[in-house]
Structure formats: structure tokens, C-alpha cells
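Student: First the structure, which I've put down as C-alpha cells, then a few questions once you've had a look.
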Amino acid sequence: MAKTKQYCVAENWGKGFIEHSESSKIKFAGYPGNVWQVPANDKGANLWIHKVLGTVKTRDEAQAIVDAEVTAAQTAWDALSDEEKADSSRPADITLEE
Amino acid sequence: MATYRDIHGFKIQNVSSDPPTSVAGDVWYNSTSGVLKVNSGTLSGAWATGGTLNQSPDRTDVGGFGTKTAAICAGASPLSGITESYNGTSWTEVNDMNTGRTAGSATGTQTDGILAGGFPGTVTTAETWNGTNWTSISSMNSSKRYNNSAGISTSAIMFSGYRFPPGALVETELWNGTNWTEVNDMNVARYYGVGDGTSTAALSASGDGADNQTELWNGTNWTSVSNMPSGTQKGAGGGTTTSFFVQGGEPPPAGSTKTQFYNGSSWTEGAFTNSAHIEGSGAGSANSDAIVFAGFNKPTEEFSETGGIRTIDAS
């Protein structure tokens, strides 16, 4: 089955990274580690990756980056005091779509 | 060059008020307001990334207020009094709060705000913001965190929130610039909600347990109004009683990309953000003035509306 999603790593520089005109046409999903999911086989998405100098990753490569970030966040959460833990949720594992 | 009359077969109409119904492409001159207007199609919108906060992108449960082009982000978890100011393009670090805190509630404008309550523990303390400095003011009568607020530094209300015991709160406290006074309770106890407005016209929506209930404050009493399409908690948002939004939140801890807009009588679901958001903050209102920021390593995102009735700038 042809893949419907693709992944890249690109650092969000802020204003202009994703513009309104792009957001209205492309379905974005941002993940920890500057991992971005956009539609595969989509001209607009490919142009956006080029614009942000994104490095295309396979799903497994992207998953590994996300896992490392989530593990670090979980470790930081585990080190919080019980009072602080009571006020927040432990970062959950994230599974990227194929 | 073809004129409007060549294309459409009639001249641009000169009317004293906008027509009650129009279709995409209709153009008219509103003689009362003296502007040329167009129906630019179905009302919709999109979110785009905005400037990145300078300090710790993992700041959660901050106090946020202002507008899309003039906002303040104050405090954070882990505990800090860090304050940053947004100009529509970038965030700049400004003077810290006097008391580092998280999970309080803030409201106002970029030059006239107030923040009260919060964590560690559950606090009563409050501070006002004048565009340059934070000033400690009288403490609230009752401690609360994950509360909501509406108003400015001289006239504000703090409502809902959490304190153990009893847990979720219905309390409302009114600040008149000098003292806090307990006023009428909300109908539904809640925390983790979104609230905004003024001390005489405020809205409270969502809350713990992914609640979808909405209440309207008229300066004296809270009244239940239309429920949100989807309940949420730990979302961000803001606005007025006729132009309000709630973005993100449930499910924790990943968050949501969903945005819900309130127009004074009903809620609609609108454009999705580019990243899921939770435990951040928001400012502005529905339509073209919404902004969300902070949360678990989340980008600032700005909402822009497209379509609908627009004024044509012929300059």
C-alpha cells in the first residue's frame, strides 16, 4: 500500500515557518524533536519541506527521534516532586502513523 | 479593462447597511461606514507558526493575555516568574514577576494586566502588570490554582479553580483595583478551564473531566449557555462573550489540534492547529485575533480568518 504520510526534521524558526496559506492546504502534525508529518506524494508538502530545509526521514527514523525526546521528557517528569507530579501528566509514548 | 458592470451587468450597489444575504463575489459600497465590501466566500481560517518563546520551550501552565500582535506570557512550570512580550513577530523577555508561579490565571492587555493564584501549593497572591513591571497587590480571599480570569488591572474577576479541600471551585472574586470581594458563585465547579472577558462580561468554558459546559458572567450572576461541541480540559483560549475560542487540551498528555469558536450564541469547530497543544495559554479572541503559545514544547501558533465579508482597501 502506498504511504500516505511522510516525515521530516526541520527546526521551527517561528514566524513564517508554517504560513497560513500552507496550513490551509497541507495537513501538518508536529512531534517532539522537530519531527513534522505531512502528506506523502503532495507537491505542496514537498515544497514546504524544501522551504524549511527539512531532512526527510523514514517513519522508523522519525519514530526513533520522537522516542528519544519522549524518554527524556519522561525521565524529567519522574524526577519531579510528588506535589509537582500531581499537577501534570507523565509524557506518554507516541506512535507515528505509517 | 473590463469594469464591474461589464462583468456582472450591473453597477456596484450603494447601500446604507450590509445586505442580510450575499454570495461569494458580491461587491457593494456601504455608505454609512464609507467602505467598499466584498463577500469573499465561505468563512474559514488557518493556523500558522508565530515567534518562538526565548525561555524554555517546555513552559506549561503559564499566564497569557493580550492579542495576537501584543501578548504577554508570564510564569511557568518548572516554577519561574519569567515574562515575555510578543509583538506579532517575536517574543522578548521583559521584567519577571515578583513571585515565580505556575497555574495561576492572567488577563488584560499588553500594558494593563493582572495575574492571581497558582502553584506551588495553592496561593492567594496577585500581581498587576503595567507594560513594564509587575507589582504585588492585595491577596485574594481564598487560594486557588488552575483558576480563570477576566478584566484588567483595575477591574477583574478570578473564578473557578482548584484547592484541596474541597477540590473544584465555584468561587468568583472581584478585584476593584484596591480590594478583593467574593461575589456570586458559578453554577458548575471546575478547574483546567478557559475563561476571559471583562469584570462585567466574561465567559467560562471547558474544565476538568473534559467538560463541555459554558457559563456567562454578566457582572452579577453566572448563567449556563450553549455547551461546546467537544469537551476539553487544559486547553488555551480567550476572547469576549461574543468572540471566544478554546484550542487544544484533552486528551492529556499529548493534547489536541482542535479549535472551537463561540460567537455569543453557539459554538462551532474550526481550523486545526499544526501541532497538538495542551497546558499552554492563549490570547486574543475568535476570528482573526487568536494566538496560542507555551505548553509542552509547542510552537506559538496564530489564527487568521479567510472568507466572509471583507472590506476592500482601494488605496
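Where a number appears in this text, it was derived from the coordinates with a stated rule and is not lab data. As the structure is a computational prediction, the values presented were derived from the model and not from experiment. We place every Cβ from the backbone using ideal geometry, glycine too, and count neighbours over all the protein chains shown.
Student: Residue by residue through the stretch B:2-8, what is 3J(HN,Hα) from phi via Karplus (6.51 cos²θ - 1.76 cosθ + 1.60, θ = phi - 60°)? Round to whole Hz and write x for glycine and proline.
Tutor: Those phi angles translate into 5, 8, 4, 5, 4, 7, 9 Hz.
Student: Given labels modelled 7 Å from the Cα in the Cβ direction, how far is it in nm from residue B:56 to residue B:8?
Tutor: Each label point is offset 7 Å from its Cα along the Cβ direction, giving 5.6 nm.
Student: Follow-up question, since we're still on this one. Let me know the shape class of chain A, please: from the alpha-carbon gyration tensor, a ≥ b ≥ c as square roots of the eigenvalues, rounded when a/c is under 1.5, otherwise prolate if a/b is greater than b/c, or oblate.
Tutor: On the way: a/c = 2.60, a/b = 1.87, b/c = 1.39.
Prolate, because a/c is 1.5 or more and a/b exceeds b/c.
Student: Is the stretch B:117-198 best put as rounded, prolate or oblate by its Cα gyration tensor, with a ≥ b ≥ c the root eigenvalues, rounded for a/c under 1.5, and otherwise prolate when a/b is larger than b/c, oblate when not? All intermediate terms of the calculation are to be shown ahead of the outcome.
Tutor: Working: a/c = 1.75, a/b = 1.45, b/c = 1.21.
Because a/c hits 1.5 or more and a/b exceeds b/c, the stretch B:117-198 counts as prolate.
Student: Additional query: Output the 0 to 90 degree angle, nearest 10, between the alpha-carbon long axis of helix A:59-78 and the longest principal axis computed from the alpha carbons of chain A.
Tutor: Computed tilt is about 20 degrees.
Student: Going by a ≥ b ≥ c, the root eigenvalues of the Cα gyration tensor, does the protein assembly as shown fall in the rounded group (a/c under 1.5), the prolate group (a/b larger than b/c) or the oblate group? Intermediate values should be presented prior to the final figure.
Tutor: Numbers: a/c = 1.92, a/b = 1.15, b/c = 1.67.
The shape class here is oblate.
Student: In terms of modelled amide H atoms, which long-range or inter-chain residues lie less than 5 Å from the amide H of residue B:306?
Tutor: B:44, B:45, B:46
Student: Return the whole-Å distance between the Cα centroid of the stretch A:1-58 and the Cα centroid of the stretch B:254-315.
Tutor: Using only Cα atoms, the two centres lie 20 Å from each other.
Student: Divide by every residue of the protein assembly as shown the summed helix terms, -39500 (n - 2.57) for each DSSP H run of at least 4, and state the resulting mean residue ellipticity at 222 nm, rounded to the nearest 500 deg cm²/dmol. Don't skip to the answer; put the middle values down first.
Tutor: Numbers: 5 runs with 43 residues, N = 413.
Rounded to the nearest 500, the figure is -3000 deg cm²/dmol.
Student: So which of A:27/B:144; B:144/B:258; B:11/B:258; A:51/B:298; A:5/A:85 end up more than 31 Å apart, counting from Cα to Cα?
Tutor: Pairs exceeding the cut-off: A:27/B:144; B:11/B:258; A:5/A:85.
Student: Something else now. What does the charge dipole of chain A about its Cα centre add up to, to the nearest 20 debye, if the Cβ of each Lys and Arg holds +1 and the Cβ of each Asp and Glu holds -1?
Tutor: Numbers: 11 positive and 16 negative charges, 151 e Å.
Result for chain A is approximately 720 debye, rounded to the nearest 20.
Student: Okay, next question. Within the stretch B:257-275, which residues have the backbone N less than 17 Å from the label spot 7 Å out from residue B:44 along Cα→beta-carbon, could you tell me?
Tutor: Residues passing the 17 Å test: B:258-261, B:268-274.
Student: The stretch B:1-26 to the stretch B:73-88: how many Å between their Cα centroids?
Tutor: Cα centroid to Cα centroid, the span is 48 Å.
Student: How many angstrom lie between the C-alpha centres of the stretch B:143-221 and the stretch B:43-67?
Tutor: 23
Student: Across the residues of B:252-260, average count of Cβ atoms on other protein chains within 10 Å?
Tutor: Details: counts 5, 9, 6, 0, 0, 4, 0, 0, 0.
The per-residue average across the peptide is 3.
Student: Please state the charge dipole magnitude for the protein assembly as shown, taken about the Cα centre, from unit charges on C-beta atoms (+1 on K and R, -1 on D and E), reported in debye and rounded to the nearest 20. Can you show the working numbers first?
Tutor: On the way: 25 positive and 42 negative charges, 197 e Å.
It works out to roughly 940 debye.
Student: Aspartates and glutamates near residue A:57 by alpha-carbon distance under 17 Å, same-chain residues fewer than 8 away left out - which ones?
Tutor: A:11, A:42, A:67, A:69, A:97, A:98
Student: Which far-off residues, 5 or more places away or on another chain, put their amide H under 5 Å from the one on residue B:211, with H placed in the peptide plane?
Tutor: B:232
Student: Out of B:128, B:50, B:104, whose Cα points farthest toward the positive end of the dipole of chain B (charges: +1 Lys, Arg; -1 Asp, Glu; placed on Cβ)?
Tutor: B:50
Student: Also, quick follow-up: If amide hydrogens are placed 1.01 Å from N in the peptide plane, which non-local residues have theirs closer than 5 Å to the one on residue A:57?
Tutor: A:7, A:8, A:9
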